[in-house]
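A short write-up of the structure that comes next.
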Amino acid sequence: MSQKTLSDGARAGAAAPTEADSGKRWWILAIVALAQLMVVLDATIVNIALPSAQADLGFSDGNRQWVVTAYALAFASLLLLGGRIADLFGRKTAFLVGVVGFGAVSALGGAATSFEMLVVARALQGVFGALLAPAALSLLNTTFTDARERARAFSVYGAIAGAGGAVGLLLGGILTDALDWRWTLYVNVAIALVAFVGGWMLLSNHRDAAGSKLDVPGTILVAGGLFGLVYGFSNAETHDWSSPQTWGFLLAGGILLAAFAWWQTRASHPLLPLRILLDRDRGASLLAVLISGAGMFGVFLFLTYYLQLNLGFSPTKTGVAFLPMVAALMAAAQVGTTMLVPRLGPKAVIPLGFAIATGGMAWLTGIGVGSDYVSAVLPQLIVIGLGLGLVMPPAMQMATGGVAAEDAGVASATVNAMQQVGGSIGTALLNTLAASAATNYLSGRDATNRLVQAQSTIESYTTAFWWSAGFFAAGAVIAFLLFRRGVPQQDADAAPVVHM
């Protein structure tokens, strides 16, 4: 064991965790999971409320996407900076500032009197979310070091990360129907208050990278690169792929990220040490998070449209319809992280999860204009949830496991960035492909006929589902090829120690 790990362990004062320490760790998990839920569900909770917000504030259909995109742009662009700030200045400080800031700007958005005020609030949510999310995940990574407890903790965290979008749809529907669209933002104030009080009482402010400095050039390069990618893919939804606003930003984003990778090999205090990315299992895990994020939007986005527009579900009923998937995902997460991966290894479990999700998505393409939820949607959702539960929690655990304590924040931010960029890529590609499928179906048919119009929307949904199935199938192959054989062994020198 390295001298640094020994000294860290001495400072933490934790040679062998007591029963009281163990209880405290699970309370920390509850607080961290609550904060993570707030960040994840805000990516979708506003979606269902958008029509009501649009009618209230009077903004156009063209501007509507910016209520969602403003959050995604700020969040994705600043994640690595947020993770490094947590390492440099302390995870408790980053967590508490992130929680308070997120709650405050959520209240600002809920009180918005104009479109501009709402978009600014959503962008600021992304800023504080970029500080909060990596601090939360790195706290989990440095709090749970016992292999069995760590697996259970990551099964809970990964399930929340995977199912948070569906929870957001449910909560957004309930709040919009029962109260007002503004409560989809006000609800964060209550969540933030509980998370702040718990974090203040339970966490200590250990700084594992206190001797390092912030990599300013690297921060500018990666923030610009991630902004270019997310903005470019977001523009693909409303502009043609040949538009300079699409390919121009994508090209600029790619160049800036390449420059960032080059700079990280030369910086004395790199923002993202390449040793984090070059581990084979960790690289495979990050790709699994990226692919699952891209494919999941085929479930949440287009199935939401289908349930509301074709089956006539209310916003609340739509959210309830996703609950079986959430339950299946959480059950599979527990089994995958605590039983299967420790016995079989990720090379067997994660490709299996992708394969199951592929089958569920392919099965979902059987929906029709007159389909029934119980027979044409429910079983498929359960299968998809089981598959994703075997992918996302184990991948997140593998992506952050064995990272030195001083790199825990930025490693956690990389996981969040992969999920966010994957979601942006999936949204843009699937929207474009779905729109093309609907247009092709209407070609040569009577576009004024309501049955023809209905069938064209079905074609767009099933096309998106087939492509999502393709993403998951590619994920199965990539995961099988990249993950090492056998059960991963945690490096004692790299394992983080407990800082509670």
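The values are calculated or read from the model by the stated rules, or taken from the named source; none is laboratory data. From a predicted model like this one, the values you see are computed outputs, not experimental measurements. Counting neighbours? That spans all protein chains shown, and the Cβs are built from the backbone with ideal geometry, glycine included. Please note that ligands, DNA and RNA were not included when accessible areas were found on the heavy atoms of the full protein model with its side chains. Shrake-Rupley method; radii C 1.70, N 1.55, O 1.52, S 1.80 Å.
As an exercise, find the ratio Rg/Rh for the range 214-372 from alpha-carbon atoms, using the Kirkwood inverse-distance average for Rh. For the range 214-372, the value is 1.06. Taken per residue, the accessible surface of the range 67-148 reaches 25 Å², heavy atoms only and a 1.4 Å probe. Of the whole protein surface, Phe480 contributes about 110 Å² of accessible area at a 1.4 Å probe radius. For Leu214 and Gln334, a Förster radius of 30 Å and the Cβ-Cβ distance give a FRET efficiency of 0.20, rounded to the nearest 0.05. Length available on full extension from Tyr373 to Ala261: 0.36 nm per residue minus the Cα-Cα distance, which gives 35.6 nm. At the residue level, Trp200 shows approximately 150 square angstrom of accessible surface with a 1.4 angstrom probe and all protein chains present. Between Val197 and Ala474, the distance separating the two model label sites (each 7 Å from Cα on the Cα→Cβ line) works out to 4.7 nm. Normalised per residue, the accessible area of the range 253-355 is 39 Å², obtained with a 1.4 Å probe and no contribution from ligands, DNA or RNA.
Computed from the C-beta positions of Arg280 and Glu116 and an R0 of 35 Å, the FRET efficiency is 0.15 to the nearest 0.05. Per-residue Karplus couplings for the range 190-197, computed as 6.51 cos²θ - 1.76 cosθ + 1.60 with θ equal to phi - 60°, are listed in order as 5, 5, 5, 4, 5, 5, 5, 4 Hz, Gly and Pro entered as x. Entry comment: accessible area of the range 419-476 is 44 Å² per residue, from protein heavy atoms only and a probe of 1.4 Å.
Calculated FRET efficiency, Trp27 to Val189, Cβ-Cβ distance, R0 = 22 Å: about 0.50 to the nearest 0.05.
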